[in-house]
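What follows is a set of notes on a single structure, which appears directly below.
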Amino acid sequence: MKPRWCTLLTLAALFILDRPAYSGNPDLLAQFSDALYKQDALKMESIVEGHKGEMPDKIDKLIETALKPELTKEEREQKFYILERLATVYKDITGELAPLKMVKKRSFESRLTPAVVSTEAGGLHVVETISTETIKNLFSPDNIIISSGDTVRWDNKDATTHLLASVLTSVGEGGLFSARVEPGQSWQYKFNTPGEYYYICFIHKIMYGKVLVRE
């Protein structure tokens, strides 16, 4: 049986090569995907080097293509995986981090529901960890907007343990790292610093959440 990463690369390459070129970037991602699948590092570097001056704009356009609503979740994940590799090679060549940060940010946010302004209840904003009949391990709501100085409490309404941890600290703020939150237990955090906080369950790494803290 092939390793999971190999299967993912195979699907990603087939998906891109079987479809028309990206708007404004006719062959870039298809060529890079093929080189990535073949693990041809020199070819990947050559492709990026050939578009180096315009790469940030190309990556922005490719991100928007990856976010088209008609794509399935799997298709979007495939595109963002290849885009992250593309932006990583660009960073290694030029030292510029901004495109890679943007890819990671938009990829993470593509997994979230639209942001909602949270309403306090008893002086707290409440996020629950839940599972539904069709989807296990969710933050609900998973994308909230609060004010600096507010406190968020995570209530574990699930049947399994969760552990919250900040990610994308190169893009957003850090500081979130809970103890293990057992079923029926809660954990809370006061957000004193404005910014974007991206977090996951460190046990179930398919759980994604964000808190936007405004002044």
Residue-span extension gain [Glu128 to Glu49] - 0.36 nm each, minus C-alpha spacing:
23.8 nm
Stretch gain in nm, segment Asp92-Glu182, where the contour uses 0.36 nm per residue and the Cα spacing is subtracted
28.3 nm
Using 7 Å Cα-to-Cβ label points, what is the Glu70/Ile206 separation (nm, one decimal)?
2.7
Sort Ile144, Ile93 so that the residue with the fewest other Cβ atoms within 10 Å of its own Cβ comes first and the one with the most comes last.
Ile93, Ile144
Suppose every K and R has +1 on its Cβ and every D and E has -1 on its Cβ; what is the size of the dipole of the chain about the Cα centre, in Debye to the nearest 20?
340
With angles folded into 0 to 90 degrees, how steeply does helix 55-66 sit against the dominant principal axis of the chain? Use alpha carbons for both and round to 10.
60
Helix 73-94 axis, angle to the chain major axis (alpha carbon atoms, nearest 10°):
70
To test your reading of the geometry: what angle, between 0 and 90 degrees and rounded to tens, separates the Cα axis of helix 98-109 from the longest principal axis of the chain?
50
Per-residue Cβ neighbour rank within 10 angstrom, fewest leading, Ser186, Ser46
Ser46, Ser186
Divide by every residue of the chain the summed helix terms, -39500 (n - 2.57) for each DSSP H run of at least 4, and state the resulting mean residue ellipticity at 222 nm, rounded to the nearest 500 deg cm²/dmol.
-12000 deg cm²/dmol
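Bear in mind these aren't lab numbers, they're just calculated from the coordinates by the rules spelled out. What you are looking at is a predicted structure, and each value in this text was computed from that prediction instead of being measured. FYI the Cβ positions are ideal-geometry reconstructions off the backbone, even for glycines, and counts take in every protein chain you see.
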